[in-house]
Amino acid sequence: GCNASKKDTSKIEKDNGIIVGFSQIGAESAWRTCNTRSVQEAAAARGVQLVYDNAEQKQENQIKALRSFIAYQVDVIVFVPIVTDGWDNVLQEARDAGIPVLVTDRKIDVENQSLYAGFIGTDSLKEGRNAGQFVLDTFESKRDKDHINIVELFGTEGSSVALGRAEGFREVLKDHPEYRIIYSKSGDFLRSRGYELAIEFLEMYDDIDVIYSHNDGMTLGAIEAMEEKGLRPGKDIVIITIDAQQAAIDALRGGKVNCVIECNPKTGPEIIELAEKLAAGESIPRLQYVHEEVFYETDDLSLIEPRGY
Ligand code: AHR
């Protein structure tokens with residue numbers, strides 16, 4: 001399974017009396033369910049009582065969940081904001097109730113930065129830059145082409161991760177006008193949408209050089225659509241994907257994907273540790289990025305450990 005913790009769990013403590021409200025955005029991807037499990041397992045291992053809510057991809061459900069955590073008087077609120085905007089009011093309510101808030105995975109935009117204690121999660125801007133750099137490196141030697149046509153499978157609209165992945169990618173390519181993003185649409189991080197969008201863009205264009213996909217789920221859907229059309233993913237079209245779930249690593253090994261950029265879902269132990277600190281009234285770092293790697297087709301792929309999800 002999604003192995004949450006490499007830490008020594010022999011020292012499992014009894015219920016330490018802390019209650020953490022955890023608002024997750026849903027179960028849109030394998031990454032997400034791994035992330036949820038990681039937090040749940042880490043809480044159990046530390047004897048932290050977790051009040052879990054799945055918002056099923058709706059911000060209004062998340063806001064409701066946060067309000068119920070406040071009413072319940074949890075010690076700490078942990079939440080994954082589905083989008084960046086719209087959190088000011090509910091976070092002010094948490095502040096008024098004296099409940100510290102930890103933001104994880106995705107970032108928020110609030111006017112008053114002190115409305116949350118800190119963030120731990122992925123560096124999506126860096127992921128986007130890594131993707132752009134891989135495209136540059138790949139086509140550097142293929143100077144016979146006037147244009148490199150890129151399709152982008154965008155994540156959830158308005159989410160910090162999709163925005164960062166798009167921005168970092170464009171930043172690296174901006175001085176290279178021969179690289180053109182000819183199609184960019186949101187597939188909401190869903191495999192089924194990745195498939196549907198691929199059916200659409202493969203109909204529209206027959207000269208696609210690159211698919212840059214914001215997550216593995218959408219990539220796997222697009223690969224399925226390509227293969228149905230008799231195209232060879234990773235060969236006829238260069239494919240870059242983000243997350244690094246096992247199926248994407250398998251596709252990299254099989255030559256169907258050319259670059260996999262890791263987004264690490266196994267943040268439960270760090271999240272719970274930070275929540276415990278907040279519950280104890282201690283301060284935590286404002287911004288913490290988790291360790292993430294990039295896997296290239298030219299790497300020794302036998303060295304990649306099983307991904308666990
Ligand atoms: O916020 C992280 C993103 O959300 C992951 O890349 C994606 O798979 C998930 O659904």
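The values are calculated or read from the model by the stated rules, or taken from the named source; none is laboratory data. Because the structure is predicted, anything quoted here is derived from the model rather than measured. All Cβ positions, even for glycine, are placed from backbone atoms using ideal geometry, and neighbour counts span all protein chains on display. The area values use the complete protein model at the heavy-atom level, side chains included, leaving out ligands, DNA and RNA. Shrake-Rupley method; radii C 1.70, N 1.55, O 1.52, S 1.80 Å.
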Return yes when GLY194 is in contact (Cβ under 8 Å) with a residue 12 or more places away in the chain and under 20 Å from the mean Cα position of the chain (by Cα) and no when it is not.
yes
Within region 15-46, the residues that are in a helix (DSSP H, G or I), polar (S, T, N, Q) and over 12 Å from the mean Cα position of the chain (by Cα) are THR36, SER38, GLN40
If we ask which residues in region 101-136 are over 22 Å from LYS174 (Cβ atoms) and either part of a helix (DSSP H, G or I) or of a type in the set (D, E, K, R) (or both), their number turns out to be 8
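Yes or no, residue by residue, for (1) within 13 Å of the ligand (Cβ to nearest atom); (2) touching a Phe, Trp or Tyr at 6+ places or on another chain (Cβ under 9 Å):
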| position | (1), (2) |
| --- | --- |
| ASP209 | no, yes |
| ASN215 | yes, yes |
| ILE237 | no, no |
| ALA244 | yes, yes |
| ASN258 | no, yes |
| GLU262 | yes, yes |
| LYS266 | yes, yes |
Within region 156-185, restricting to residues that are among the basic types (Lys, Arg) and part of a helix (DSSP H, G or I), the one that is nearest to VAL103 (Cα to Cα) is ARG165
Among (1) over 22 Å from ARG37 (Cβ atoms); (2) assigned to a helix (DSSP H, G or I), GLU276 falls short only on (1)
- Query: Would a scan of region 60-78 turn up a residue that is within 22 Å of CYS263 (Cα to Cα), open to solvent by less than 20 Å² (accessible area, probe 1.4 Å) and at pLDDT 95 or above?
  - Reply: yes
Boolean, VAL161 is away from the ligand (no atom under 16 Å from the Cβ), in contact (Cβ under 8 Å) with a residue 12 or more places away in the chain and closer than 30 Å to LEU274 by Cα: no
Going through (1) within 16 Å of the ligand (Cβ to nearest atom); (2) under 18 Å from PHE134 (Cβ atoms); (3) in contact with a strand residue (DSSP E or B) (Cβ under 7 Å, 6 or more places away or on another chain) one by one, VAL290 fails only at (2)
